[in-house]
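Working notes, beginning with the structure itself.
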Amino acid sequence: MTATHSPTVGTAGRRLRELARPHLPAAVPGLAVVALLIVWAADNGGYDAGTWYWGALALLSLAAITIAVLGVDRVGLSRSSRLAVAAFAAYVAWSYLSIAWAQAPGTALEGSNRALLYLIAFTLMASLPWTAAGAAVALSVFALAIGTIAAVMLIRLESASHLSTLVVDGRISPPTGYFNATAALFTIGALVSIALASRRELPAALRGILLAMATAGLQLAVAGQSRGWLFTLPLVALATLAIVRDRLRFVAAAVLPVLGTLIPVHALIGVFNSESPSALSEAARHAGKVSLALCLAVLVIATVAAWAEAHWQPRGLSPRASRTVGGALAVIAVVAVIAGGTAATHGDPFGFIKRQWNGFSHVPTADATGSHFGTVGSGRYDFWRVSLDALVAHPIGGLGQDNFADYYLPRRHTTEEPAWTHSLEMRLLAHTGIVGLLLFAGFMVAAVAGAIGVRRHAPGAAQWVAGAALLPLTVWLFHGSVDWFWEMPALSGPALGFLGMALALGRVREPRSSETRRGLPRWALGAAGVLALVAAAVVLGFPYLSVREQAAAAAVRNRNPNAALNDLAHASKLDPLSADPGRTAGAIALQTGDYNEAISRFSQSISREPGGWFAWFGRGLAESALGNTDQARSDYQMAASINKQDPTVKRALARVDTTHPLTPAQAFSALTLVH
């Protein structure tokens, strides 16, 4: 018996392939990028070096494959994109150059590689031949994935499953592991979802699902209790309304998710007040149950409304009626924001603002209102003070990429040891100086201006798709101005990648010749591209292998210290600038009593990062254990000059000349308790 196929099915299949064919050249690699963004979002925000390094290499490989498969004729940049890429590439080059004057060159290399990752993501997304439909699919996949993560977390909250990893200090921490970044991630997903759901071109069922997931995302953003999120939310909302196409439809679509978030706000914040495990479980179940019920209600109502709109097809409103309805919805939105702010601040928004302003320059104090939104004070004032000091001391090139931590520690007025400046603008100034700030600002101006032009003048659906693609950038810029989001690929990736997508939607294909306008042959440009790919693979590949060796050492250090030391020796050779392998190896050698090895490894770390206090302290412990009191005292003094507030360092220095000096075991125990 021979198999037969229905002609109707075959015709439908061919028709489907014909419809999909124009979108595939960009959608296939673009969806691969989106998949990576989703992996980062679910895996600690992509923050760990072992995660984002392989992501950078994957993007680099994807770029090479895309160029090879599509050819240079189908991959290119618009005029605005070229200018933006040139400015971004200049910033990345300046970042690598800062290794020359950085006190911790290994840290500067890692930071420069992270900047290269973002350059690759932006350039790849900006160079793809996106269609409006293909870009809408990519954005939908991203929004649905973030919404799914939010829904799963609400289910976990309702079931009180593994609350110790879900709720930390009364606040939602996963999936990024950082409260503020989690709030920003779910806000990004919610905004993109609402922008997509506002379009009647999408199926009614999909629009309902998107709005339900937007509700879940906003609920978890509230549960993260990020004060930076709350303060910058009005600016994000205003920027969103300025960017999106058909603001009236966007506001109308946002009503259900906003209401679905305001209703359970007290239940979500109530988790913070739980003082016992049983109270936490009860509060979590209640918050999760109410939130999930509202998400389901939004799903049903939004789906029915979208279906009715698709079948009813009402006539368009007159300009006067549109303004009236828009004004009414704007008033509703303002009232909703005021109501939400009042609820989040326990009925005292003005008192909340006053307390936050007065406490800005002080460390956090106890909450008197029952939520983290009511806590007062922050270390940011001190972080920014030292950042500006760094700018004054190193105005042109800054400290070197990512070199803030060692500079801050001896100058701090807090007990915190931040690795980051907690502000995009301050990071640019402190790390790469005025030159770095101007280069990155040039990139942002060129990219945003070009994307806004696409949003205004692109044909057809490309306008609203470009507007939706720009929404992650609003959260990243405004909230990231008071937090450390650059270091989170799960946030920087969508912000910069979708910015590139928006630019690509306005690309006009230009006829190419064998010679460029400047007379350079295409083979020369191809050779330059190959060299750039190889250089990027080398500069990313060897540090990644070093990170892998360090991870292998961490996995075996307790049961096989010698194997761990060998792994760390390999790691040190693979990345000859990093101080991390020597510092970790020195700690392992201290714990095993191999003090000469500890001195050797800590000395290597000191030579690569003189401003790292722990290597000086560790070497002092090893010297003291061997009876080298003078050298131990000198090392302790150096550690104390860097980390002036650490009580363990002070204790070791005070006892160095006594008959009972601080032992490595006592030091590690004390450091564990303190840190």
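Here are the numbers:
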read-out	value
Convex hull of Cα atoms in the chain, direction-averaged projection (nm²)	36.8 nm²
For the chain: relative contact order, % (alpha-carbon pairs under 8 angstrom, 6 or more apart)	18 percent
Volume per residue of the C-alpha convex hull in region 584-667, rounded to whole Å³	75 Å³
Kirkwood Rh (inverse of mean 1/r, distinct Cα pairs), region 462-617, angstrom	19.8 Å
Ratio Rg/Rh [Cα only; Rh per Kirkwood] for region 78-236	1.06
Over region 217-258, volume per residue of the alpha carbon convex hull, in Å³	66 Å³
With at most 11 other Cβ atoms within 10 Å, longest stretch of the chain clear of loop trypsin sites (Lys or Arg not before Pro) (DSSP)	1-314
Volume per residue of the C-alpha convex hull in region 163-225, rounded to whole Å³	69 Å³
Two-site FRET efficiency, residue 626 against residue 169, from Cβ-Cβ distance with R₀ of 41 Å, rounded to 0.05	0.45
Value of relative contact order over region 543-674, rounded to a whole percent, pairs C-alpha under 8 Å and six or more apart	16 percent
Average Cα contact separation per residue, region 28-174, under 8 Å, 6 or more apart, as relative contact order %	30 percent
Tilt relative to the chain, helix 664-674 - C-alpha long axis, 0 to 90 degrees, to 10	40 degrees
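Here, each number is a calculation from the coordinates, and none is a lab measurement. Nothing here was measured: the structure is a model prediction, and the numbers come from that model. Neighbour counts are summed over all protein chains in view; Cβ atoms, including those assigned to glycine, are modelled from backbone coordinates with ideal geometry.
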